[in-house]
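Asks: Would you mind keeping the following structure in view while I ask a few things?
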Amino acid sequence: MTTPAILAEGLEKRFGDLMAVDGISFVVEEGEVFGFLGPNGAGKTSTMRMIACVSPTTAGRLEVFGMPVEERPREIKALIGVVSQENNLDPDLSVYENLTVFARFFEIDRAEAARRAEELIEFFGLAEKRDTVIEALSGGMKRRLTLARALINRPRLVILDEPTTGLDPQARALIWERLRALRARGSTILLSTHYLEEAERFCDRLVIMDGGRILVEGRPAEIVSSRMGRAVIETPDDPAVIDCLEREGVAFERFGDLVHVTTDTPDALVQRLVAACNPSRLSVRNATLEDVFLRLTGRGFKE
Amino acid sequence: MIENISPRVRHVWGRNFLVFLRTWKVSFLPPIFDSLFFLLALGYGLGQFVQDIGGVEYARFVAPAIVAIGVMNSSYYETTFGSFVRMYYQKTFDALIATPVTIEEVIVGEILWGATKAVIYTVLVLPILVLFGVASLPSSLLLVPLALLGGLLFGAIGLCFTAWTPSIDTLNYPTFLFITPMMVLSGTFFPLESLPLPLQYFAYAVLPLAHITSLARALTLPTAAPLALVSIVWLAVATLLVMLLAIRTMKRRLVV
């Protein structure tokens, strides 16, 4: 059996009275794209920071490439690339210098650092901005550069904490496109994101977390089919329809002004509901990860 | 703690040095001009009304103090306001510790950089003092290693305050409660001997600037300094202790 990229068992992180990560276990194999989903405060960032060896674990076992994080942080950090949520590029330096200065922290010699920097500038479409100081870059370019910087040490594991948050659709699409290229090279990728549709398409496996715990784990399609069924039928929330659904014994959920009925046999159920309840409007769509996410983590406001 | 410090410290230092090369015009000319104005205003302006101090012309008396204060300011401001901006606003430390660089190396690198600023300052200001005839050669050249030692100490002191401060504004407290009184009570603008005896003891017991000023004065005049060795040992021990304290308190703040 090969050593997994990440192995967590009963992993905990506590901040004073707050249990940020509450005994989670998971395994990420090499070459996998593994996603962390969950509302803010779910424990995603805390988990990623422990894996990146910048935040000590409170309890449990955590190994990266078979190395315990408490014992061999320097070796682990040499093998990973991190894109944190906050922009932490050097504002006074140019695009090129941001990359070459970072290379030194990995003890990459100057000639090699220069070669990799040029290569990454090309790969991330930053050639025109090579000598531009960071402050003059757009949000999307800064993100791409942060990603480029995380790859300067040719990491075996890339950790991305919300790599596309706050970007416009074009910039986001560009980041995902580059991440797909990275995945195609066989890099192990760990990411958290709030864009569920993108996570559904991009991740081999993912977990949905809330309150420091893992609520569900698996392949996106399997999670959706096992938790939601194939399709979601939506009708407006009016009392007559609710009465009818209760009479018919059909399970439903009310979300704002809509009623959701999930099913594996949408055609038959639609016919039945149209005949029995005669709703003013009714639509059928595929169940998505977002449906699962909202069902599991609730629809209330989260900080 | 100590085992986490390797030569990778030089990369933290190197990063700061590179940024300095980009911004030196704004970050370095001011302290040089400060010193020049102090020398002109105090040494030659005020100096006209001051009798010589123990046979020393006032400009020559105050010149080494101006260097000592410059050493203090260059390193202290670098590791307080400078480090705080890197730590809090630019998140530079977060980026660094995601690499094989350890948090201890970041902290030591910052202190070394603070000391470097003190050395650069001294190297730039020394020729001016020599030109004005208020610092004698070759003994004044030893101001450079003195600046390194004093810079390490004030760099470490500054970083302790950075570890403590909740915001950039509260860094003003250590500045006006500690740095400013020290600037005037360390035998800088008037001899310590003119203070009441208890204050003299107090100055030598707890004010690093008193030791740096007295050593600097012994070098620029130059004059015999019977207590020079005591001052050097005092500074070395204090530097070591405060550096350890800086590492401890910064780790408590940054490792969460």
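Asks: With +1 on each Lys and Arg Cβ and -1 on each Asp and Glu Cβ, and nothing else charged, work out how big the dipole of segment A:151-303 is about its Cα centre, in Debye to the nearest 20.
Replies: Using only the charged Cβ atoms, the result is roughly 820 debye.
Asks: Right, here's the next one. Run the dipole for chain A about the Cα centre, Lys and Arg Cβ at +1, Asp and Glu Cβ at -1, nothing else charged, and hand back the magnitude in debye, nearest 20.
Replies: 520
Asks: Another question about this same structure. HN-Hα J couplings of segment B:79-88 from phi, Karplus 6.51/-1.76/1.60, θ = phi - 60°, integer Hz, Gly and Pro as x?
Replies: Whole-Hz 3J(HN,Hα) from phi for segment B:79-88: 8, 9, 5, x, 5, 5, 4, 5, 6, 8.
Asks: How do A:His260, A:His194, B:His11 line up, fewest other C-beta atoms within 10 Å first?
Replies: A:His194, A:His260, B:His11
Asks: What Kirkwood radius, in Å to one decimal, follows from the Cα pairs of segment B:1-146?
Replies: Working: mean 1/r = 0.0591 Å⁻¹.
Its Kirkwood hydrodynamic radius stands at 16.9 Å.
Asks: Determine, for A:Arg149, B:Arg60, A:Arg156, A:Arg185, the number of other Cβ atoms within 10 Å of each Cβ, and report the residues in order from fewest to most.
Replies: Least to most surrounded, the residues fall as A:Arg185, A:Arg156, B:Arg60, A:Arg149.
Asks: Charges at C-beta only: +1 for Lys and Arg, -1 for Asp and Glu. How large is the resulting dipole of segment A:36-159 about its Cα centre, in Debye rounded to 20?
Replies: My answer is approximately 380 debye.
Asks: Right, here's the next one. Measure up A:Lys77/A:Lys142; A:Lys44/A:Lys129; A:Lys77/A:Lys129; A:Lys142/B:Lys251 against 25 Å on the Cα-Cα distance and list the ones that go over.
Replies: Result: A:Lys44/A:Lys129; A:Lys77/A:Lys129; A:Lys142/B:Lys251 exceed 25 Å.
Asks: Whole Å is fine, so just give me how far the alpha carbon centre of segment A:210-274 lies from that of segment B:131-190.
Replies: 69
Asks: State the answer as a single residue: which of A:Phe36, A:Pro91, A:Ala221 lies farthest towards the positive end of the charge dipole of the protein assembly as shown, with beta carbon charges of +1 for Lys and Arg and -1 for Asp and Glu, about the Cα centre.
Replies: A:Pro91
Asks: Towards the positive end of the charge dipole of the protein assembly as shown, with charges on Cβ (+1 Lys, Arg; -1 Asp, Glu), say which of B:Phe93, B:Ser75, A:Ala20 has the farthest Cα.
Replies: Farthest towards the positive pole: B:Ser75.
Asks: For chain A, I need the span (max minus min coordinate) of the C-alpha atoms along each principal axis, in Å, sorted largest to smallest.
Replies: Result for chain A: principal-axis Cα extents of 74, 45, 38 Å.
Asks: Hey, rough spin-label estimate for A:Glu75 and A:Glu122, points 7 angstrom out along Cα→Cβ, what's it come to in nanometres?
Replies: Rounded to a tenth, the inter-label distance reads 3.4 nm.
Asks: Determine the sum of side-chain charges near B:Thr79: Lys and Arg each +1, Asp and Glu each -1, restricted to other residues whose C-beta is under 14 angstrom from that of B:Thr79.
Replies: Summing Lys and Arg as +1 and Asp and Glu as -1 gives +1.
Asks: Near A:Val284, within a Cβ-to-Cβ distance under 9 Å, what is the net charge of the other residues, with Lys and Arg +1 and Asp and Glu -1? Numbers along the way, then the final one.
Replies: Values: positive: A:Arg285; negative: A:Glu234, A:Asp267.
Around A:Val284, the charge tally is -1.
Asks: Then there is this: With a 10 Å cut-off between alpha carbons and a GNM built on chain B, which of B:Gly70, B:Gly45, B:Gly109 moves the most?
Replies: For chain B, modelled as a Gaussian network with Cα springs under 10 Å, the answer is B:Gly45.
Asks: Then there's this: Rank these for me by crowding, B:Tyr89, B:Tyr204, going from fewest to most other beta carbons within 10 Å.
Replies: So the ranking, lowest neighbour count to highest, is B:Tyr89, B:Tyr204.
Asks: Mind jotting down the distance between the C-alpha centroids of segment B:63-85 and segment A:126-172, whole Å?
Replies: About 36 Å separates the Cα centre of segment A:126-172 from the one of segment B:63-85.
FYI, it's all coordinate maths here, none of it is from the lab. Because the structure is a prediction, the values reported are computed rather than measured. Heads up, the Cβs are rebuilt from the backbone with ideal geometry, glycines too, and the neighbour counts pull from every protein chain shown.
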